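Inspection log for the structure reproduced underneath, given as structure tokens.
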Amino acid sequence: MTGMSAKTTGRAAPAGDLRLVNLTKRFGIFTAVDDLSLTIPQGSFFALLGASGCGKTTTLRMIAGLEQPTSGQVLLGDRDIARLRPYKRPVNTVFQSYALFPHLNIFENVAFGLRRRGIRSVDDEVLRMLALVQLDDFGHRRPAQLSGGQQQRVALARALINQPQVLLLDEPLGALDLKLRRQMQIELKRIQTEVGITFVHVTHDQEEAMTMADTVAVMNAGRIEQLGAPADMYEYPATAFVANFLGQSNLLAAEAAGGSGSEVPVTAHGARFSVPAGRARADRGEVYLGVRPEKLHLADSADQVPAGHQHVTGVVSDASYVGVSTQYLVRTGWGSELSAFAANSGLGGRLPVGAAVVAHWDPRHAFLLPRAPGQDDRTAGLLDEPVGASS
Amino acid sequence: MKFSRWLADHWVMGVALLVLGYLSLPILVVAALSFNRPSSRLSYDFNEFTLDNWRQPCATSDMCDAVLRSVQIGFIATVVATVLGTLMAFALVRHRFTGRSGINLLIFLPMATPELVMGTSLLALFVSAGVPQGFWTVVIAHVMFCVSFVVVTVKARLAGMDRRLEEAAADLYASPWQTFRLVTLPLVLPGIVAAALLAFSLSFDDFIITNFNAGTTVTFPMYVWGAAQRGIPPQVNVIGTAMFVIALLLVGLTSLRGRRSRRAGLPVAPAAGRRAKSPT
Amino acid sequence: MTALAHVPTSTGQPAGPPPPPRHDRHRLLPYLLLLPGAAWLLLFFAVPLFQLAAASLYDPTGSLSTGYALTWAFGNYPDVLQAYWPQFARSFGYAGIALLLALLMGYPLAYAIAQKAGRWKNLLLVCVVAPMFTSFLVRTLAWKTILSDNGWLVGLLRDVHLLGPDGRLLATPVAVVLGLTYNFLPFLVLPLYASLERLDYRLLEAASDLYASPVQIFRKVTLPLSMPGLIAGTLLFFIPATGDYINAELLGTPNEYMIGNVIDSAFLVRLDYPQGAALSFLLMAAILAVVFGYLRRAGTEEVL
């Protein structure tokens with residue numbers, strides 16, 4: 001993306017970070033976005049991740065200007081754009097299911113924004129943009145004549161050609177099939193790196209968010225549960241919601257007595273465990289002891305458990321073979337079913353249902369989360385879908 | 001055994017074709033009679049083949065005057081009703097306001113009220129207000145009963161339109177007026193055209209309401225009504241056949257366009273069937 | 001990634017109320033859009049109904065030339081009922097019989113188009129609507145030709161002794177009912193088609209998989225699911241059929257006159273406005289009563 005000169009598109013100098021300050025949106029008595037504050041650094045790829053109805057799309061629409069915040073600010077650099085009409089904002093959107101103008105051809109769709117800003121000679125820019133999204137010869141076609149993936153790229157070109165300060169993507173890949181989605185994820189990431197524009201990407205697909213974004217914010221009920229780099233969040237989630245929204249977790253109801261040392265001792269179902277203090281979001285009272293299924297290993301007997309690992313005993317109650325791995329459910333002595341993934345690396349044999357096993361983990365992979373009083377174990381159960389497939 | 005199985009599978013289609021025959025028969029008769037030289041003024045039977053009626057459709061000049069008047073009334077009523085109805089449809093689909101249910105009722109009731117009642121009540125109004133009846137009272141009446149159908153038709157098209165297209169336009173620097181001119185209007189236009197065609201055909205063919213409010217003005221249906229007592233000139237069937245053919249061509253055209261816009265991913269406006277009343 | 005944290009709220013000045021001018025304009029806009037159309041409907045649809053109500057209570061001894069006085073003459077109503085109850089009864093009787101015939105014809109037709117026609121669907125639909133492309137009156141007059149005493153239909157019926165040697169169709173109740181059925185059948189078929197078209201044939205397959213016979217499938221699945229269209233179609237047929245007088249006039253004789261013929265002559269021939277207005281009002285009230293009674297029984301008032 002070297003060809004787009006500031007002269008033809010009138011792009012202003014980068015305005016700076018996008019900051020949302022105490023942003024709130026209420027529809028009647030329903031609070032869609034609740035006092036949200038966050039900073040999205042200029043040039044980053046930011047993902048807002050959450051289930052439908054969590055407020056992520058409303059947040060995006062407030063940034064685009066399609067929704068008026070009930071209160072709060074949307075700052076682009078130092079300028080509050082929260083009250084600007086959408087067509088006055090240096091922000092463009094790739095809409096869910098694209099919203100391409102059906103009565104205009106691809107060329108005119110892409111040229112739409114430039115023309116509205118009074119730019120007369122748009123040909124070069126449009127052709128360059130179509131080349132960027134690899135649709136060079138499609139200018140004269142109508143949107144309905146294009147496949148979903150092609151439409152998606154037109155929508156991207158139509159927004160990017162305006163060189164916005166911020167590009168908003170509202171579930172841009174939701175309508176594509178799995179393979180195409182993969183491909184577009186890589187392509188989107190490539191384009192973002194190329195143009196260096198701030199991307200704010202809304203999605204409910206945790207894997208999409210993790211693979212593409214520099215920073216992910218998990219939203220729940222109008223608030224941000226946790227925000228950070230994908231790997232950090234996955235390895236050390238902040239809340240039970242995040243632990244089960246980003247991947248899945250075995251969460252055992254436990255009590256922590258607090259501790260001053262480097263280890264936090266906890267008691268769960270009568271057994272004693274410990275977690276490094278650096279991996280405890282709570283160290284006193286009701287806590288969850290969390291272990292990811294792929295970090296839970298199964299052994300035939302206690303003497304096979306490596307030194308330093310902690311363990312519980314149980315019986316295999318279900319085994320499902322999913323190719324790259326086998327997913328086991330292990331029923332513990334107190335009745336909960338823990339989930340464990342064993343890679344089918346050919347090293348160990350497969351365990352039959354009914355086998356007595358020892359489930360063990362390295363305490364450095366466990367984590368402690370706050371738990372509301374009275375909450376019982378939250379275990380992953382069998383996955384609806386194998387790891388590696390997105391919803 | 002085999003035959004009864006076949007019958008069980010196909011009797012519905014058989015009945016349907018018979019009913020379609022019943023529905024089509026009168027049109028065939030009208031077309032045939034347009035080539036008829038009747039034996040007497042009051043005879044309705046086919047007598048002798050001739051092309052005279054088609055060669056001289058205006059042999060009875062009153063009839064052609066009536067047709068022309070119906071076209072004029074239909075045109076004016078269509079323009080007014082289409083404008084009024086389209087504005088209302090926009091308000092109903094695009095805005096929240098108090099009193100919506102009252103407005104909906106006001107739009108629905110004319111479609112559910114017998115024409116006889118609307119015709120006589122307008123007559124009562126015009127007489128008590130001392131308004132002389134004629135061309136313009138007919139126009140007023142026609143606009144009144146066409147508006148609701150326009151609202152319903154345009155509303156369907158508007159409601160089927162993706163709001164995100166307008167948001168996308170706003171997002172791409174189009175002012176509200178540009179958004180309307182470049183996106184909304186081109187996408188709603190087929191619905192407005194369908195509504196206008198519907199309004200015209202309703203107006204052109206109305207007899208009952210017109211009959212009570214026309215005074216001495218004679219529209220085509222009123223001419224036919226009057227002629228039915230005195231003897232029908234065969235040219236009436238020429239007009240009837242021509243109307244049919246023109247309407248058929250229009251439908252063919254719009255369905256071609258419809259197929260095109262369907263391919264372009266647009267919702268297609270309801271067919272311009274006359275009085276395709278759809279309860280809301 | 002750097003500096004990503006919940007931003008402290010110190011910079012957040014409380015957002016004031018949204019700028020008012022834009023909002024006020026938006027609040028007025030729908031009313032401005034509605035005003036011309038609603039005014040037209042109020043003035044030329046709603047107000048005339050009141051005028052009609054008033055006219056029905058005029059002193060019946062007045063006349064158009066001497067002027068009418070509003071004397072709240074409620075006696076007009078029993079008077080016209082007594083004088084014209086046969087025509088009232090005929091209106092509802094003919095329309096009712098025509099409705100039954102139309103249901104018997106229209107349901108199979110709508111079903112066949114919606115579920116069986118395949119790629120002929122659109123063509124058959126056009127055939128249903130096509131009659132309405134030409135003039136209502138001209139089509140009705142065509143029935144005069146079809147039913148004529150010298151026509152092939154009467155000849156055929158006489159040959160097979162369904163009609164006596166002097167039997168006729170024209171100028172009989174049969175002709176009027178046939179005309180009504182014909183003229184309003186498309187109004188019944190179109191909404192019925194619309195709801196049958198939405199019917200998922202897999203539901204029928206599921207029913208048949210679950211041991212339902214064809215008759216049971218119709219009664220338990222098809223019919224209930226087509227109810228909205230059936231109700232709408234029935235109303236769209238019945239309301240104009242009851243108020244019609246063109247068929248009775250053109251295909252019948254004064255012995256077949258319906259209430260519309262009486263109203264027409266009251267307003268346009270005898271110039272007896274109180275009587276005409278009272279009859280009109282009674283017609284509307286009777287139709288409304290039938291419609292609402294029907295809707296209550298059908299149990300789906302949302303079709304209105």
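Brief remarks on what is shown
- All positions within segment B:93-103 that are closer than 19 Å to B:Thr179 by Cα and more than 7 Å from chain C (Cβ to nearest Cβ): B:Val93, B:Arg94
- C:Lys121 vs. criteria at the interface with chain B (Cβ under 9 Å from one of its Cβ atoms), more than 30 Å from C:Ala286 (Cβ to Cβ) and at pLDDT below 90: no
- Annotation: of all residues in segment A:53-71 being over 26 Å from B:Leu172 (Cβ atoms) and within 18 Å of the chain's Cα centre (by Cα), the one that is surrounded by the fewest Cβ atoms within 10 Å (Cβ to Cβ) is A:Gly53.
- Scanning segment B:1-54 for residues that are at pLDDT 90 or above, outside any helix (DSSP H, G or I) and among the hydroxyl-bearing types (Ser, Thr, Tyr) returns a single hit, B:Ser34.
- Count - residues of segment A:203-220 that are over 8 Å from the mean Cα position of the chain (by Cα) and either assigned to a strand (DSSP E or B) or on the phi > 0 side of the Ramachandran plot (or both): 3
- Scanning segment C:125-153 for residues that are within 22 Å of the chain's Cα centre (by Cα) and more than 7 Å from every other protein chain (Cβ to nearest Cβ) gives C:Leu125, C:Thr140.
- Restricting attention to segment C:91-106, the residues being surrounded by 21 or more Cβ atoms within 10 Å (Cβ to Cβ) and more than 9 Å from chain B (Cβ to nearest Cβ) number 6.
- Any hit, segment A:232-240, residues being without any contact (Cβ under 8 Å) to a residue 24 or more places away in the chain, touching a strand residue (DSSP E or B) at 6+ places or on another chain (Cβ under 7 Å) and under 19 Å from A:Lys295 (Cβ atoms): yes
- If you go through segment C:179-212 and keep only what is of a type outside the set (D, E, K, R), surrounded by fewer than 18 Cβ atoms within 10 Å (Cβ to Cβ) and more than 13 Å from chain B (Cβ to nearest Cβ), you end up with C:Leu199, C:Tyr201, C:Leu203, C:Ala206, C:Leu210, C:Tyr211, C:Ala212.
- When C:Pro86, C:Pro78 are screened for being in a helix (DSSP H, G or I), surrounded by fewer than 13 Cβ atoms within 10 Å (Cβ to Cβ) and free of Cβ contacts under 8 Å to residues at least 12 places away in the same chain, only C:Pro78 passes.
- Annotation note: Cβ proximity below 7 Å between a residue of segment C:197-217 that is in contact (Cβ under 8 Å) with a residue 40 or more places away in the chain and a residue that is assigned to a loop (DSSP other than H, G, I, E, B) (sequence gap 6+ or interchain) occurs for C:Leu199/C:Ser226.
- No other residue among C:Tyr273, C:Tyr294 is touching a residue at least 40 places away in the same chain (Cβ under 8 Å), in contact with a strand residue (DSSP E or B) (Cβ under 7 Å, 6 or more places away or on another chain) and of a type outside the set (Gly, Ala, Ser) apart from C:Tyr273.
- Annotation note: Cβ proximity below 6 Å between a residue of segment B:70-86 that is within 13 Å of chain C (Cβ to nearest Cβ) and more than 26 Å from B:Ile103 (Cα to Cα) and a residue that is in a helix (DSSP H, G or I) and not small (Gly, Ala, Ser) (sequence gap 6+ or interchain) occurs for B:Ser70/B:Phe204; B:Ser70/B:Phe220.
- Segment B:30-69, subset within 14 Å of chain C (Cβ to nearest Cβ), among the hydrophobic types (A, V, I, L, M, F, W, C) and over 29 Å from the mean Cα position of the chain (by Cα), residue nearest to B:Phe207 (Cα to Cα): B:Leu42
- The lone criterion from (1) away from chain A (no Cβ under 14 Å); (2) touching an Asp or Glu at 6+ places or on another chain (Cβ under 8 Å); (3) surrounded by fewer than 23 Cβ atoms within 10 Å (Cβ to Cβ) left unmet by B:Thr184 is number (1).
- For segment A:160-181, taking the residues that are away from chain B (no Cβ under 13 Å), touching a helix residue (DSSP H, G or I) at 6+ places or on another chain (Cβ under 9 Å) and assigned to a helix (DSSP H, G or I), the one that is surrounded by the fewest Cβ atoms within 10 Å (Cβ to Cβ) is identified as A:Leu180.
- The one condition from (1) aliphatic (A, V, I, L, M); (2) at pLDDT 90 or above; (3) part of a helix (DSSP H, G or I); (4) surrounded by 22 or more Cβ atoms within 10 Å (Cβ to Cβ) that A:Leu251 does not meet is (3).
- Search result, residues across segment C:141-178 that are without any contact (Cβ under 8 Å) to a residue 40 or more places away in the chain, small (Gly, Ala, Ser) and either surrounded by 14 or more Cβ atoms within 10 Å (Cβ to Cβ) or under 27 Å from B:Arg41 (Cβ atoms) (or both): C:Ala142, C:Ser148, C:Gly151, C:Gly155, C:Gly167
- Residue check, C:Asn261 within 13 Å of chain B (Cβ to nearest Cβ), under 20 Å from C:Trp143 (Cα atoms), touching a residue at least 40 places away in the same chain (Cβ under 8 Å) and in contact with a Leu (Cβ under 6 Å, 6 or more places away or on another chain): no
- Given (1) under 30 Å from A:Lys25 (Cα atoms); (2) modelled with pLDDT of 80 or more; (3) in contact with a Ser or Thr (Cβ under 7 Å, 6 or more places away or on another chain); (4) not β-branched (Val, Ile, Thr), index of the condition C:Leu28 fails: (3)
- Residue list for segment A:286-323, filter: among the small types (Gly, Ala, Ser) and touching a residue at least 60 places away in the same chain (Cβ under 8 Å): A:Gly290, A:Ala299, A:Ser320, A:Gly323
- Residue match in segment A:338-349 (condition: part of a strand (DSSP E or B), surrounded by fewer than 19 Cβ atoms within 10 Å (Cβ to Cβ) and on the phi > 0 side of the Ramachandran plot): no
- Just one residue in the set A:Arg153, A:Arg128 is crowded, with 24+ Cβ neighbours inside 10 Å, within 32 Å of the chain's Cα centre (by Cα) and not in a loop (DSSP other than H, G, I, E, B); that residue is A:Arg153.
- Assessment of segment A:232-248 against the conditions (in a strand (DSSP E or B), closer than 30 Å to A:Val94 by Cα and in contact with a helix residue (DSSP H, G or I) (Cβ under 6 Å, 6 or more places away or on another chain)) yields no matching residue.
- Taken as a whole, segment C:123-136 holds no residue that is of a type in the set (Ser, Thr, Tyr) and touching a residue at least 60 places away in the same chain (Cβ under 8 Å).
The values are calculated or read from the model by the stated rules, or taken from the named source; none is laboratory data. All values derive from a computational prediction rather than experimental measurement. All Cβ positions, even for glycine, are placed from backbone atoms using ideal geometry, and neighbour counts span all protein chains on display.
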